[in-house]
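The values are calculated or read from the model by the stated rules, or taken from the named source; none is laboratory data. Predicted, not measured: the structure shown is a model, and the values here were computed from it. Because the Cβ atoms are built from the backbone with ideal geometry, glycine has one as well, and the counts that use them run over all protein chains shown. Quick note on the areas: whole protein, heavy atoms, side chains included, nothing else; ligands and nucleic acids left out. Shrake-Rupley method; radii C 1.70, N 1.55, O 1.52, S 1.80 Å.
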Amino acid sequence: MRAEFLSHRGAVRENNEDAVFCDSKSGLFVVADGVGGRAAGEIASATAVRIVAEKLWDAGDAAPDMLLREAFYEANDVLRNHGREKGMEGMGTTMTAACVLDDKILIVHVGDSRAYLLNRQGIRQLTTDHSLVQQLVQNGRLTAEEAKRHPQRNILLRALGQADLVEVEEVETGWQKDDFLLLCSDGLYSLIEDEEIKEAVLRAANLRKAVDYLAELAYNRGGYDNISLILVSAEENK
């Protein structure tokens, strides 16, 4: 397994409210996109990612899916309390965390950052966006194309730190030698089509070139938001 990552403030934002954790040795990968503005968003995403990393480092023989879930609940409590104590009500973050094992991937997720699985057969979004526009799509009130341009596309229905209790999404999928796992914030996928992502990854000489190309493409198309991504290959030499 190999992995590369990048996190950039983009072309418009003054600061980067995204946070990432990428450790191919342990197989833990996390992307978080802070909300709440400036310092609050940065603190929220960095805090949540740190809690997940520390929880999994101390895993022992505990099941990784259980640990990931517990880390999300702990992060939610910490952010909720911190927001109240520091006068940062509304601070929060999306978070998508993946634990890659020998033949499967375990994902825990909340918000609208995403996880994709891709290979030569196609690209598949593994997570569901917990957003207003996604709910409207599921209810048949918007098409997927309309959702991409909707003025309320950034409104989240779920995020860490936004409520006393948080409902997380759990996903498990198979993992084979020709597969790639992509975790990213909406600053990437909102400006690049899924098929473009797949083609860029498959055509790149290596993971570093693929990550740099995708980030540069999003930047050159406006870079309206922070841009963060982690790309993981099941193959050691990619």
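Looking across region 180-193, the residues that are open to solvent by less than 10 Å² (accessible area, probe 1.4 Å) and either of a type in the set (Ser, Thr, Tyr) or under 14 Å from LEU118 (Cβ atoms) (or both) come down to LEU181, LEU182, LEU183, CYS184, SER185, LEU188, ILE192. Restricting to region 5-22, and then to whatever is open to solvent by 40 Å² or more (accessible area, probe 1.4 Å) and of a type in the set (D, E, K, R), can you tell me which residue is nearest to the chain's Cα centre (by Cα)? Filtering region 5-22 for residues that are open to solvent by 40 Å² or more (accessible area, probe 1.4 Å) and of a type in the set (D, E, K, R), the one nearest to the chain's Cα centre (by Cα) comes out as ARG9.
Yes or no, residue by residue, for (1) touching a strand residue (DSSP E or B) at 6+ places or on another chain (Cβ under 6 Å); (2) farther than 18 Å from VAL168 by Cβ; (3) among the aromatic types (Phe, Trp, Tyr):
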site	(1), (2), (3)
VAL49	yes, no, no
PHE72	yes, no, yes
ASN76	yes, no, no
LEU79	yes, no, no
ASP103	no, yes, no
GLY111	yes, no, no
ARG124	yes, yes, no
THR127	yes, no, no
LEU132	no, yes, no
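Residues to consider are ASP194, ASP186; find the one that is of a type in the set (Asp, Glu) and touching an Asp or Glu at 6+ places or on another chain (Cβ under 9 Å).
Numbers: ASP194 fails: touching an Asp or Glu at 6+ places or on another chain (Cβ under 9 Å).
That would be ASP186, the only listed residue that is of a type in the set (Asp, Glu) and touching an Asp or Glu at 6+ places or on another chain (Cβ under 9 Å).
Picking from residues in region 110-153 that are in a loop (DSSP other than H, G, I, E, B) and hydrophobic (A, V, I, L, M, F, W, C), the one that is nearest to the chain's Cα centre (by Cα) is LEU126. Checked against the criterion of being more than 16 Å from the chain's Cα centre (by Cα) and crowded, with 21+ Cβ neighbours inside 10 Å, the candidates GLN176, GLN162 yield just one match: GLN162.
Could you look through region 194-219, keep only residues that are under 21 Å from ASN154 (Cβ atoms) and of a type outside the set (Val, Ile, Thr), and pick out the one that is most open to solvent (accessible area, probe 1.4 Å)? So that I can check it myself, show each step before the final result.
Applying the first criterion (under 21 Å from ASN154 (Cβ atoms)) to region 194-219 yields 194, 197, 214-215, 217-219.
Subset that is of a type outside the set (Val, Ile, Thr): 194, 214-215, 217-219.
Working: ASP194: 53, LEU214: 1, ALA215: 10, LEU217: 33, ALA218: 0, TYR219: 94 Å².
That would be TYR219.
The number of residues in region 77-100 being modelled with pLDDT of 90 or more and either within 19 Å of LEU165 (Cβ to Cβ) or of a type outside the set (Gly, Ala, Ser) (or both) comes to 13. Looking only at residues in region 105-155 that are farther than 30 Å from LYS177 by Cα and of a type in the set (Val, Ile, Thr), the one that is modelled with the lowest pLDDT is THR143.
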